[in-house]
1. List the trypsin sites (Lys or Arg not before Pro) within segment 109-176 that fall in a DSSP loop (any state other than H, G, I, E or B) and whose Cβ has at most 10 other Cβ atoms within 10 Å.
2. Stokes-Einstein D for segment 38-85 at 10 °C, 1.306 mPa s, Kirkwood Rh over Cα pairs, in µm²/s?
3. Starting with the fewest neighbours, write out 136, 352 ranked by other beta-carbon atoms found within 10 Å of each beta-carbon.
4. Mind running the shape call on segment 155-244? Use the C-alpha gyration tensor, a ≥ b ≥ c as the square roots of the eigenvalues: rounded below 1.5 for a/c, prolate if a/b tops b/c, oblate otherwise.
5. Please report 199, 165, 186, 392 as a ranked list, fewest other C-beta atoms within 10 angstrom at the top and most at the bottom.
6. Give the span of the chain's Cα atoms along each principal axis, as three whole-Å numbers ordered largest to smallest.
7. Tell me, 145, 376 in order of fewest to most beta-carbon neighbours within 10 Å?
8. Based on the alpha-carbon gyration tensor of segment 92-183, what equivalent-ellipsoid semi-axes (square roots of 5 times the eigenvalues) come out, in whole Å, largest first?
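Please treat every number below as a calculation from the coordinates, not as lab data. None of the values given here were measured: they were computed from a predicted structure. Cβ: placed from backbone, ideal geometry, glycine included. Neighbour counts: every protein chain shown.
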Amino acid sequence: MEHLTLFDLNRLVKETLDSNLEPSYWVVAEIGEMRSNQTGHCYLELVEKADDKVIAKMRATIWAYTYRNLSTWFEGITGQALQPGLKILCNVTIQFHELYGLSANVRDIDANFTLGERAQRRKKIIEQLMEDGVFDMNKSHKLPVVPQRIAVISSPTAAGFGDFMDQITKNSYGYQFKVRLYKAIMQGDKACESMINAMLQIHNSREEYDALIIIRGGGSQIDLDCFDDYNLAAHIAQFTLPVITGIGHERDETIADLVAHTMMKTPTAVAEFLISGVRAFEERLDDAFARIFHYTNSVLNLHAQQLSTLGYQLKASAKDKLSARLYRVDHLNERLKIHALNQLQNHQKRLDLAQKSLNLLDPETILKRGYTLTTVNGKSISKAEIKPGDKMKTLSAEKIIISTVETQKDKNG
């Protein structure tokens with residue numbers, strides 16, 4: 001039976017591939033693994049996935065000179081470095097070596113494909129969010145006039161979080177903010193799940209906060225891929241508090257930025273946004289107080305003028321009324337004097353008449369007119385019981401006569 005050595009078989013495969021394959025192929029693949037050595041050569045594992053399962057795999061190499069030029073150019077165009085997880089369109093030549101087997105030599109990479117692939121994926125996620133009716137939900141929340149109770153999702157070691165806290169706590173106006181950090185992974189495969197878990201924790205205490213802030217300190221484009229995730233974007237869009245993002249990138253917005261209530265470029269900008277909101281409210285209060293002061297002052301001045309005028313009028317009126325009252329008092333006083341004088345004169349006349357009457361009734365006067373006064377036993381004759389032998393005393397104007405009763409008889413008997 002004819003047989004081949006392994007080397008002969010591999011050489012046959014090599015000759016067959018060399019004679020039947022094109023000089024190069026443009027291939028769409030995902031970078032599964034990637035490493036470079038000290039010489040500058042880059043070694044890749046290219047994979048193709050279906051439903052997150054690898055269905056094809058091939059080793060690939062980018063030689064040092066090509067890799068140095070390609071990587072710099074690719075990052076300049078796309079804003080991100082070549083790295084695992086990135087889907088690329090690359091031009092490769094197929095090589096088969098009797099000892100090392102089948103491999104691909106990467107000669108070129110189409111950066112526009114990667115941009116287009118990313119843009120297409122973003123477009124599909126945005127369309128799905130709109131179709132689900134959640135894209136603008138967070139924007140419908142009303143941001144409090146003075147948001148000072150802040151929940152923050154970030155990494156405690158992130159430079160962006162440190163910048164945010166430094167800016168918010170050392171603001172020149174002395175405003176006080178209550179900030180609580182909810183720790184999360186901010187890049188990599190576990191970032192979305194970590195941030196969603198932090199959001200669920202905040203949701204359970206949502207009454208304690210005015211807003212949620214998601215901040216990071218920038219990074220490469222692929223570091224920010226987690227912020228283009230559908231699940232994270234859907235949770236942000238439907239979150240019960242206004243969400244403010246400060247992811248720290250200056251290029252295109254992430255989907256998380258697009259669905260958030262407010263997007264700021266950097267964590268520092270988020271802090272300035274909050275501070276400026278409080279400052280704007282304080283200025284409105286100052287303006288309102290100033291307007292109230294001026295209005296109150298003008299009203300007080302007006303009333304002071306009215307009171308002054310009224311006081312003058314009252315003073316004049318009181319003076320006139322007082323003069324009239326004084327005139328009436330003087331008039332009444334004169335009338336009272338005349339009336340009193342008349343009354344005194346009348347009473348004097350009556351007194352004089354009474355005095356004359358009394359004088360006429362005075363016993364001395366009566367006696368001087370020739371009358372006498374007789375008493376029996378110290379009693380008037382009309383009241384005494386007279387009997388013979390009683391002593392009678394008779395008074396006249398000039399004499400006292402003592403006599404003895406001999407007999408008595410009634411005037412009519």
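1. Details: sites: 118, 121, 122, 123, 124, 139, 142, 149, 170; in loops: 142, 170.
When the trypsin sites (Lys or Arg not before Pro) of segment 109-176 are filtered for loop state and at most 10 Cβ neighbours within 10 Å, 142, 170 remain.
2. Numbers: Rh = 12.2 Å.
For these conditions, the coefficient is 131 µm²/s.
3. Listing 136, 352 from fewest to most nearby Cβ atoms yields 352, 136.
4. Values: a/c = 2.20, a/b = 1.27, b/c = 1.73.
Verdict is oblate for segment 155-244.
5. Details: 199 23, 165 19, 186 26, 392 16.
By the 10 Å Cβ count, ascending, the order reads 392, 165, 199, 186.
6. Its Cα atoms span 220, 52, 40 Å along the three principal axes.
7. Working: 145 11, 376 19.
Fewest to most other Cβ atoms nearby, the residues stand as 145, 376.
8. Working: eigenvalues 455, 113, 28 Å².
Three semi-axes, in Å: 48, 24, 12.
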